[in-house]
Amino acid sequence: MLLHLSTWPEIATRLEQSKAIVIPIGSMEQHGPNGFIGTDALCPEIIANHAEKSAPDDILVAPTFNVGCAQHHLGFPGSITLRPSTMIASMLDWTNSLVRHGFEKFYWFNGHGGNIATIEAAFSEIHAQRSFDPRGEDNRPGLTLRRVNWWDYKSVETLYKQLYPTGHGMHATASEVSVTYYAYPDHQKSDVEMSPKIAPVGRIGDAVQYRADFPDGRIGSDPTQSNVEDGRKLVEAAAEALLKDIARF
Ligand code: NI
């Protein structure tokens, strides 16, 4: 099920069977010369939607939390960021809204490495808030909060290492660009030339340093290798892993 295409009676019925929800979470930031600005939000959304399509009764997918922590990308036009405190507050509000209806298990399905620290901080904030709530004296059932990065599934990692033995990279990676090309083939940028072919690697600081050290936005990658067919394989592997993980969740 997709939450945003469901009615409230359908969600009420669903809650009688399962208290779990998958929330794709990403970022709105530059992804080099041939990657979409929405890449990090699109990847977990595409994978979760693919999983939902193949097993609609097994998974409930929330709308995508599609702007995250991307301060270091603000040197590039189009990037949008939340400050960490805003993101924590927003995640708290999303969670509390859903808790009110009876949801207890939250599977935040992440598409952006720069979100990880803030997602973990938000989890601590959510747990602390519940512990400090005077009604917490009755030891209400705890929430299960989990973060999973889509590229961390073993099967996905094996696949992208096999597809891109060189130039997979750390930002604007060959695999994430392939995933978005699979879902949006009409928007592919197939004739973009990149120099150097494999982007430099280095540390990430603030927006000014990032633009100076990584002038076209990529880190360590050669996403001219990206294509629809690879994207299909990656989405299928990740969706299968997601469904297996949710069954255990
Ligand atoms: Ni990315």
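Rule-based calculations on the coordinates, nothing more; no lab input. These numbers come from a predicted model, not from an experiment. Because the Cβ atoms are built from the backbone with ideal geometry, glycine has one as well, and the counts that use them run over all protein chains shown.
When the stretch 13-44 is limited to residues that are free of Cβ contacts under 8 Å to residues at least 60 places away in the same chain and within 16 Å of the ligand (Cβ to nearest atom), the one that is surrounded by the fewest Cβ atoms within 10 Å (Cβ to Cβ) turns out to be I37.
With respect to the conditions (1) within 14 Å of the ligand (Cβ to nearest atom); (2) assigned to a helix (DSSP H, G or I), N49 falls short on a single one, namely (1).
Of the helices (runs of 4 or more DSSP H) lying entirely inside the stretch 143-249, the ones with 3 or more residues being within 30 Å of S97 (Cβ to Cβ) are found at 174-183, 228-248. Give the stretch 47-99 a look and list any residue that's of a type in the set (V, I, T) and farther than 19 Å from I116 by Cβ, or say none. Of everything in the stretch 47-99, those that are of a type in the set (V, I, T) and farther than 19 Å from I116 by Cβ turn out to be I59, V61, V99.
Set side by side, the residues S155, S131, S195, S175 differ, and just one is surrounded by 21 or more Cβ atoms within 10 Å (Cβ to Cβ) and either more than 16 Å from the ligand (Cβ to nearest atom) or of a type in the set (G, A, S) (or both), which is S175. Would you call M87 away from the ligand (no atom under 16 Å from the Cβ) and touching a Cys at 6+ places or on another chain (Cβ under 9 Å)? So M87 passes the test. Just one of the numbered conditions (1) more than 16 Å from the ligand (Cβ to nearest atom); (2) not in a helix (DSSP H, G or I) is not true of H4: (2).
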